[in-house]
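Everything on this sheet refers to the single structure shown next.
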Amino acid sequence: MSELEKKSAIGKDEALAAVPLNERQHWMTPAMIFGGLEFTIPVLMVGASLAGGFSLTEILLIVVLSMVVFQWPVNFIQGYMGAKTGRASSVIAKSSFGSLQARFIVGLTIFIVSMGWWALQTAVAGNAISAMFGINYTTEWGAWALITVIAGALFALPAIIGYSSMKWTDYIAVPAGLILIIGGIYLAFKNIGWDTITSWNPEPNMTILAAISLVIGVNVSQWVIASDYTRYAKPKVKDNLLIPLGIIGVGIPLFYVGAIMSVGVGEADIVTVMLNMGFPVWGFLILWFATWTSQIVNNYSMGLALANMLNVNSGKGRALLTLGGTIIAIVIALAGILDYFTDFLYMTALIYPAIAGVMISDFFLVRKQQWVENEGWNWMATIAIIVGTFVGYLTQYVYPFGLPAVQSLLVSIVAYYVAMKIKGSVSPDQFTKVDIEDNPQGRLS
């Protein structure tokens, strides 16, 4: 890409404006980006964690249920919202939350969580590259830090340039990641043996529902940020049903390979697993390269959310804000976010579903698939997100029950709809005003 093309690409990729219909792309493009998003080190790590308490047959059941029954439908719904409106998730949220709340609550949440995921994976990538060069990343902090900073800078570059750069990276990196999967399976059977792997049946260390929640936790951010990428897709139901195939097609085998690789090793740190399996240098290179795909997505969403918070629409402004967020995220990676990996997963699994629930309820139930930019702060959305998050927290930590992320999503959908109906009857305002043919009164009733 020439310097002129880079400037043009950066300039066109605006953060707040809707993507015109004539710039929409074939469903394979966002599907490939989603495949890259799913090719992430935490997916391998969660797969490895599951192997500590379940047989490989049970793990396959857990992963398929999580990805097909729960992940696919919500990704489709959220993705369709992005394609229908042509807008990023933090902009779509202005309809339900109000522009002020969307900027400072929704935008800030997306920014922090995307930044956390990015920092987490950058730290693991630093570990992998250090191991490749024979550097002990647990004791040689200076060398590890330098490698991590360089890796982070390379991760960020396509996201800073914009969407047009991202898709080409994914077209190259996703196939490369498949090589890592094949290599991992081969080395696992070679080093551990067929009998050990097929007869693996450890004592359960968590319930099946808790395991499903852990798998959902890795992917739950997609319930909100899917729109950031499907805004470039055509607003067709069929296309948006097919786009999550990128996540399903990569996620299921990757979770499973993470589990297979860790059988007999007893370790969830995927870099340690690869070292113990005797992975050659190319394995660590591919791990870094495949990680690049999901890092681009996290980085890009981080920049979009920051642009929405600061009301910056220009492509250049988005690029500069993405760069600024990257610098902060590198500092967080160096500070040791890996130590809080599981807690971070559970935190995102509580916050994101409640936000997604409000957005879904507003778009489909309240406004009948219309989007409007509402100024101000919608307290009904605030109430719904608090109720949804509280239910998630309660059923996750206080009285463990069911699937907290799914319960949080459903409760926030209902809470928002009921709150808006009451508000529309008692004290209507710009948020309860709905301009659709089947409601000539112009407000919820």
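The values are calculated or read from the model by the stated rules, or taken from the named source; none is laboratory data. What you are looking at is a predicted structure, and each value in this text was computed from that prediction instead of being measured. Cβ coordinates were reconstructed from backbone atoms using ideal geometry, including for glycine residues, and neighbour counts include every protein chain displayed. Each accessible area value is taken on the protein alone, full model and side chains, heavy atoms only, with ligands, DNA and RNA left out. Shrake-Rupley method; radii C 1.70, N 1.55, O 1.52, S 1.80 Å.
Summary of computed values
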read-out: Computed helical MRE - 222 nm, the chain, DSSP H runs ≥ 4 contributing -39500 (n - 2.57), nearest 500; value: -22000 deg cm²/dmol
read-out: Residues with amide H under 5 Å from that of residue 25, placed H, sequence gap 5 or more; value: 233, 234
read-out: Shape call, segment 63-104: gyration tensor on alpha carbons, a/c limit 1.5; value: prolate
read-out: Leading residue at positive end of dipole, segment 8-127 (Cβ point charges), from 93, 73, 120; value: 93
read-out: Residue-level accessible surface for residue 49, protein heavy atoms, 1.4 Å, Å²; value: 40
read-out: Computed FRET value (nearest 0.05) for residue 430 with residue 390, which takes r as the C-beta separation and R₀ as 30 Å; value: 0.65
read-out: Segment residue 370-residue 313, extension gain: residue separation times 0.36 nm, minus the distance between their alpha carbons; value: 18.4 nm
read-out: Segment residue 208-residue 401, extension gain: residue separation times 0.36 nm, minus the distance between their alpha carbons; value: 68.3 nm
read-out: Accessible surface, per residue, of segment 328-435 when the full set of protein chains is kept, probe 1.4 Å, Å²; value: 47
read-out: DSSP-assigned coil residues among chymotrypsin sites (Phe, Trp or Tyr not before Pro) in segment 340-425, each with at most 15 further Cβ atoms within 10 Å; value: 401
read-out: Simple Cβ-charge dipole of the chain, Lys/Arg +1 and Asp/Glu -1, about Cα centre, in debye nearest 20; value: 1160
read-out: Read-out semi-axes √(5λ) of the Cα gyration tensor in Å, derived from the coordinates shown; its label in (1) 34, 25, 19; (2) 54, 33, 18; (3) 36, 26, 19; value: (3)
read-out: Charge-dipole axis of the chain as Lys and Arg at +1 and Asp and Glu at -1 on Cβ define it, positive-most pick from 26, 412, 321; value: 26
read-out: Distance histogram in 5 Å bins (all Cα pairs of segment 229-366, percent per bin); value: 2, 7, 9, 15, 20, 18, 13, 9, 5, 2, 0, 0
read-out: With every protein chain in place, the chain: carbon and sulfur % of accessible area (1.4 Å); value: 67
